[in-house]
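Data first, discussion second: the structure below is written as structure tokens.
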Amino acid sequence: MADYIGKDVSIKLKRNLGIFQGKILEPSPDFITITNVFHNGVKIKKIDAEVTIAREEIESISFIQLVDPVVASQKLSARNTPVTPTKQDDFKDPQIPDGRRSAKKQSPQNFTNRKVNNLDNNRQHKATKPIPIRRNTPNNNGHTSASAPVHLKVDQMQNKRHNNKKRNKNFDLMQPDDFSDQGDFDFESNNAMFDKKSVFQEIEANIYGKNPEKPDLVRHTPKTEEKYRHDENVLDSMFMQFRNIQLEFKPKQEYTTDEPGVVIPSIPQSLRNRIQNLAADHGYTMERQNDCLARGATELALQLLGGSRRLSPKNLHQWPRVVIICDEPYNFKQSEIGLITGRQLASHGVNVMVHVKTSTTNSKESKELELYTASGNDFTGNASDLPPSDLIILAVSNMNLNSQIVRYIQNNRAMVMAIDPPVMGVNPGEISIKNTVVPILPLDDIHNTCGKLHLVNLCISDKFFKDAGIKYFPVFGSKFMVPLHLKN
């Protein structure tokens with residue numbers, strides 16, 4: 001194996017890995033290590049790189065002779081150097097017979113200035129002095145004769161030799177130019193060097209004549225005046241606030257809607273109950289009010305589930321499921337609102353499961369549980385029977401829920417929505433409510449615990465607000481439910 005060290009070898013690898021060439025550094029039966037490595041004719045960037053190739057990866061191996069760059073340069077220089085003949089026989093024309101050639105030798109005008117050695121002697125002359133060189137051209141008889149001298153300047157010859165040396169300097173058969181050291185272009189750093197703001201300011205100054213020293217060669221069209229729609233004001237006006245709802249006292253909080261300028265105040269629980277009771281006394285019963293509140297909760301729940309994109313026949317494989325939590329018996333107010341919401345969601349095709357108690361001490365009659373079960377969905381009173389869901393709706397009046405329900409909500413990790421929850425929230429610190437629907441007007445201090453508020457229109461007449469001491473004008477516009485934002 002030691003006899004192969006230092007020999008030039010070409011190794012073709014399997015799996016189209018290419019051809020490696022180099023000098024053998026360490027041969028063995030299982031692998032071979034080469035240095036001065038070329039991969040597919042391109043020299044590896046690292047000078048002292050060593051490549052070890054296993055026997056299993058070798059398809060064929062052959063010995064070659066790499067061209068030494070110094071020897072190749074010397075040979076090419078010798079090839080480009082003109083040979084100086086010392087005898088006239090070197091200029092013999094093979095087409096001329098020997099007899100005629102000997103006759104031509106006796107002619108004194110043939111080959112008088114043919115010695116190329118005159119080039120070396122004439123280098124001492126000025127560069128602009130021409131050197132006469134005669135050229136043999138065949139005549140009509142097939143003989144050669146001296147033609148008119150062709151003048152080549154010495155400086156042209158020197159430039160030609162200089163170009164030959166420059167071309168031969170990097171002559172290397174196995175070492176092409178390597179551009180891998182340049183690296184990738186850094187666009188971020190180069191873009192950071194360009195100050196776009198100052199450049200555009202200078203361009204705008206030139207365009208609109210603000211810089212007289214640098215006039216714009218191509219005049220651009222000036223900026224046109226802004227056009228207004230038929231429903232926009234031409235004159236600037238101050239921001240107006242519309243207090244459609246005014247109380248006899250200063251509210252604790254004020255809210256705004258998506259409609260700019262509309263201000264909605266918060267009210268205490270007792271004032272809201274008075275408005276609802278006044279409407280119920282005039283025939284707008286609590287059951288009808290619950291239907292409107294549940295309708296708003298259903299609309300918000302459908303939006304949180306994904307709307308038309310989720311409730312599409314194409315998504316039957318991931319149809320949504322909603323769990324509604326009611327901590328009171330089925331014939332209590334909050335439980336009735338939860339059951340109505342479940343029935344309305346079921347009418348949209350949503351899978352619903354309601355947690356509600358069936359035993360009660362209240363003698364009030366309620367048909368909402370029976371109407372809900374008619375939709376084909378089920379209910380349970382055990383928290384362990386609740387399935388995984390995409391949305392959890394809390395229809396509760398108690399601030400503290402059962403520990404099993406709290407554990408289910410935490411483990412399910414679904415979005416939590418509440419329907420008119422307590423002002424202090426539900427299990428603060430354990431349950432995070434993201435969205436809440438409230439009727440009539442928001443309650444005081446509810447913004448701190450119940451996430452984003454949505455005000456639902458219960459369709460209560462203005463007369464009952466006036467009887468309760470509130471100057472009221474509808475704020476819903478074309479919507480049935482509006483989001484509320486706390487006013488700064």
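Checked against the criterion of being among the hydroxyl-bearing types (Ser, Thr, Tyr), modelled with pLDDT of 90 or more and surrounded by fewer than 19 Cβ atoms within 10 Å (Cβ to Cβ), the candidates Thr285, Thr221, Thr298 yield just one match: Thr285. From the list Ser308, Ser312, Ser335, the one residue that fits, being hydroxyl-bearing (Ser, Thr, Tyr) and over 41 Å from the mean Cα position of the chain (by Cα), is Ser335. Residue count for the range 250-286 under the criterion of being part of a strand (DSSP E or B), among the charged types (D, E, K, R) and within 14 Å of Phe465 (Cα to Cα): the result is 0. Of the numbered criteria (1) closer than 12 Å to His355 by Cβ; (2) out of contact with any Asp or Glu (no Cβ under 6 Å at 6 or more places or on another chain); (3) touching a residue at least 60 places away in the same chain (Cβ under 8 Å), the one Val396 fails is (2). For the range 391-403, the criterion of being assigned by TED's automatic domain parsing to the domain that holds Ala297, under 45 Å from the mean Cα position of the chain (by Cα), over 17 Å from Thr449 (Cα atoms) and not in a strand (DSSP E or B) is met by at least one residue. What pairs can you find where one residue is in the range 1-23 and under 14 Å from Ile44 (Cβ atoms), the other is at pLDDT 85 or above and assigned to a loop (DSSP other than H, G, I, E, B), and their Cβ atoms are less than 8 Å apart, with a gap of 6+ or different chains? Qualifying pairs under 8 Å: Gly18/Asn40; Ile19/Asn40; Lys23/Lys7.
In the range 331-387, the qualifying residues are those that are of a type in the set (Ser, Thr, Tyr) and assigned to a loop (DSSP other than H, G, I, E, B), and the one that is nearest to Ile409 (Cα to Cα) is Thr358.
Entry remark, the range 33-59: residues being exposed (fewer than 15 other Cβ atoms within 10 Å of the Cβ) and part of a loop (DSSP other than H, G, I, E, B) number 7 in total.
Taking (1) over 29 Å from Ser312 (Cα atoms); (2) modelled with pLDDT of 90 or more in turn, Asp327 satisfies each apart from (2).
Does the range 361-375 contain at least one residue that is surrounded by 13 or more Cβ atoms within 10 Å (Cβ to Cβ), assigned by TED's automatic domain parsing to the domain that holds Arg413 and closer than 23 Å to Val426 by Cα? Within the range 361-375 (the criterion being surrounded by 13 or more Cβ atoms within 10 Å (Cβ to Cβ), assigned by TED's automatic domain parsing to the domain that holds Arg413 and closer than 23 Å to Val426 by Cα), the answer is no, since none of the residues qualifies.
For Asp378, the requirement of being charged (D, E, K, R), touching a residue at least 24 places away in the same chain (Cβ under 8 Å) and touching a Lys or Arg at 6+ places or on another chain (Cβ under 7 Å) is not met. Taking every residue in the range 305-319 that is on the phi > 0 side of the Ramachandran plot and pairing it with any residue that is surrounded by 14 or more Cβ atoms within 10 Å (Cβ to Cβ), at least 6 positions away or on another chain, the pairs with Cβ-Cβ distances below 9 Å are Gly306/Pro320; Gly306/Asp390. Right, Glu430: over 23 Å from Phe480 (Cα atoms), acidic (Asp, Glu) and part of a helix (DSSP H, G or I) or not? Here the answer is no, as Glu430 does not meet what is asked. Looking only at the range 390-424, count every residue that is of a type in the set (Gly, Ala, Ser) and surrounded by fewer than 20 Cβ atoms within 10 Å (Cβ to Cβ) and tell me the total. Count: 3.
Each row is one residue, and each column tells you yes or no for (1) touching a Lys or Arg at 6+ places or on another chain (Cβ under 8 Å); (2) of a type in the set (Gly, Ala, Ser); (3) under 30 Å from Pro387 (Cα atoms).
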position: Lys434; (1), (2), (3): yes, no, yes
position: Ile440; (1), (2), (3): yes, no, no
position: Phe473; (1), (2), (3): no, no, no
position: Gly477; (1), (2), (3): no, yes, no
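Taking the criterion of being assigned to a loop (DSSP other than H, G, I, E, B) and not hydrophobic (A, V, I, L, M, F, W, C), the residues of the range 433-454 that qualify are Lys434, Pro442, Asp444, Asp445, Thr449, Gly451.
The values are calculated or read from the model by the stated rules, or taken from the named source; none is laboratory data. Small disclaimer: the values here were computed from a predicted structure and weren't measured. Virtual Cβ from ideal backbone geometry, glycine too; neighbours counted across all protein chains shown.
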